[in-house]
Amino acid sequence: MDKIVYRKRVKNLRKRIAELGLDGFVTFNPKNVRYLTGYSGTSGAAVVFKSCAFFITDFRYKTQAKQQVSSMRRVTAASLIGEAGARIKESGAKLVGYEEDRLSVSQFRQLKKKAANARWKPAAVVDELRVVKDASEIRLLVKNFSMLEKAFRNL
């Protein structure tokens, strides 16, 4: 998919978090990380603020991240949660959205400990954005349906 698509998605996320009164948003959900970045690996997180965004992965995926992620600043870290918390603390964000169904209680405690300055608000904002399909997604859907139609005709 075009790199511009991912930048636009991050821009839309920024707009949505501002509407919700959030200073930032963090996701560890692989589907939502991929939606925002194009990253198809299994270890990644996205931390988005009003003026900057970070994609975090571990050293095993550094090369893949370099090839696939251009919509955010790439960071390699030993701990996704630790690095996300550090970025949130460093930003000075006061209210941060997160996907409560993607973090265990233990992981959420670690995140809160790393970013003790922040308050947390459950927010499924990327899931909301994913509902509305952009032009590139519609093209892929049409292409897939066309292929399915041809396959069924040949049965």
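Criterion applied to Arg73, Arg130, Arg87 was being open to solvent by 80 Å² or more (accessible area, probe 1.4 Å), in contact with a Phe, Trp or Tyr (Cβ under 6 Å, 6 or more places away or on another chain) and closer than 28 Å to Arg60 by Cβ, and the one residue passing it is Arg73. How many residues does region 95-124 hold that are in contact (Cβ under 8 Å) with a residue 40 or more places away in the chain, open to solvent by 60 Å² or more (accessible area, probe 1.4 Å) and in a strand (DSSP E or B)? Matching residues across region 95-124 total 1. The single condition among (1) aliphatic (A, V, I, L, M); (2) under 16 Å from the mean Cα position of the chain (by Cα); (3) modelled with pLDDT of 95 or more; (4) in a helix (DSSP H, G or I) that Val75 does not satisfy is (4).
In the list Arg109, Arg153, Arg119, Arg102, which residue meets the criterion of being touching a Phe, Trp or Tyr at 6+ places or on another chain (Cβ under 9 Å), at negative phi and of a type outside the set (Gly, Ala, Ser)?
Working: Arg109 fails: touching a Phe, Trp or Tyr at 6+ places or on another chain (Cβ under 9 Å); Arg153 fails: touching a Phe, Trp or Tyr at 6+ places or on another chain (Cβ under 9 Å); Arg119 fails: touching a Phe, Trp or Tyr at 6+ places or on another chain (Cβ under 9 Å).
Of the residues listed, the single one that is touching a Phe, Trp or Tyr at 6+ places or on another chain (Cβ under 9 Å), at negative phi and of a type outside the set (Gly, Ala, Ser) is Arg102.
Evaluation of Gly92 against the conditions (1) under 18 Å from Ala45 (Cβ atoms); (2) open to solvent by less than 40 Å² (accessible area, probe 1.4 Å) shows that the sole unmet condition is (1). Mind counting the residues in region 1-46 that are farther than 22 Å from Phe59 by Cβ and in a loop (DSSP other than H, G, I, E, B)? Result for region 1-46: 6.
Give me a count of the residues in region 1-28 that are over 20 Å from Asp134 (Cα atoms) and open to solvent by 10 Å² or more (accessible area, probe 1.4 Å). Give the derivation first.
In the first step, residues of region 1-28 are kept if they are over 20 Å from Asp134 (Cα atoms); the result is 18-28.
Among the residues that remain, those that are also open to solvent by 10 Å² or more (accessible area, probe 1.4 Å) are: 18-21, 23, 28.
Residues in region 1-28 being over 20 Å from Asp134 (Cα atoms) and open to solvent by 10 Å² or more (accessible area, probe 1.4 Å): 6 in total.
Number of residues in region 133-155 that are within 20 Å of the chain's Cα centre (by Cα) and either without any contact (Cβ under 8 Å) to a residue 60 or more places away in the chain or open to solvent by 90 Å² or more (accessible area, probe 1.4 Å) (or both) equals 3.
The values are calculated or read from the model by the stated rules, or taken from the named source; none is laboratory data. No experiment lies behind these values; they were computed from the predicted model shown. So basically every Cβ, Gly included, is an ideal-geometry build from the backbone, and we count neighbours across all protein chains shown. Surface accessibility is based on the protein's heavy atoms, side chains included, excluding ligands, DNA and RNA. Shrake-Rupley method; radii C 1.70, N 1.55, O 1.52, S 1.80 Å.
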